[in-house]
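Right, one structure below, let's go through it.
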Amino acid sequence: MAPPPPDQHEEVSRFLGSMWRFNRAFGQQLEPLLEARHGLEARSFFVMKRIGDGDQYPKMLAGHLKIPPTLISRYLDGLVKRGLIERHIDEQDSRRTRLSLTGTGQQLLQEAQETVYELAAARLGRLPSGVLQTVINALDALSEEGPTAV
């Protein structure tokens, strides 16, 4: 794939800079808020969220979160030690480990989700009416796997 024409360089640079700044600004607010209110790191929150949404196997988590399996394993170990998730032998395949949230984990996830939603809603509320769906659609399109050039 060829690089963008020179007239698009500025737009690409602005896009990348905007994504970087948004990610950093949101993360810098989210991380201390989750820690203070719930004693939870942002990555642990997202791991728990995916488990709650049905990703019951470590390999599924790693794929959806784009996190190496070894790092997922470390997060899972910490969540198990805190009593927030449980590991079970899969009934269909004893070589696989199935994950589930504990009652405590479900409660913490629900509370943490409210914190995340509050923060996100405050930021998204800055967008003009009707723009949010366009942004979501654009990000979904940009997130799809496809040919890459690098």
Hey, can you tell me all the residues within the range 35-69 that are buried (at least 17 other Cβ atoms within 10 Å of the Cβ), of a type in the set (A, V, I, L, M) and within 20 Å of residue 91 (Cβ to Cβ)? 51, 61
When you scan the range 40-145 for helices (runs of 4 or more DSSP H) that lie fully inside it, which ones turn up with 2 or more residues that are farther than 30 Å from residue 12 by Cα and either basic (Lys, Arg) or out of contact with any helix residue (DSSP H, G or I) (no Cβ under 6 Å at 6 or more places or on another chain) (or both)? 42-52, 58-65, 69-81, 103-124
Name the pairs: first residue in the range 18-39 and closer than 10 Å to residue 116 by Cβ, second residue aliphatic (A, V, I, L, M) and outside any helix (DSSP H, G or I), Cβ to Cβ under 9 Å, at least 6 apart or on different chains? 34/40
Can you find a residue in the range 41-57 that is over 26 Å from residue 115 (Cβ atoms) and at pLDDT 90 or above? yes
Being in contact with a Lys or Arg (Cβ under 9 Å, 6 or more places away or on another chain), without any contact (Cβ under 8 Å) to a residue 12 or more places away in the chain and within 15 Å of residue 40 (Cβ to Cβ) is the filter here, so list the residues in the range 62-113 that pass it. 80
Of the residues in the range 128-150, those that are among the acidic types (Asp, Glu) and modelled with pLDDT of 85 or more come to 140
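The values are calculated or read from the model by the stated rules, or taken from the named source; none is laboratory data. This one's a predicted model, so the numbers in the text were calculated from it and none came from an experiment. For neighbour counting, all protein chains shown are included, and Cβ atoms are generated from backbone atoms with ideal geometry for every residue, glycine included.
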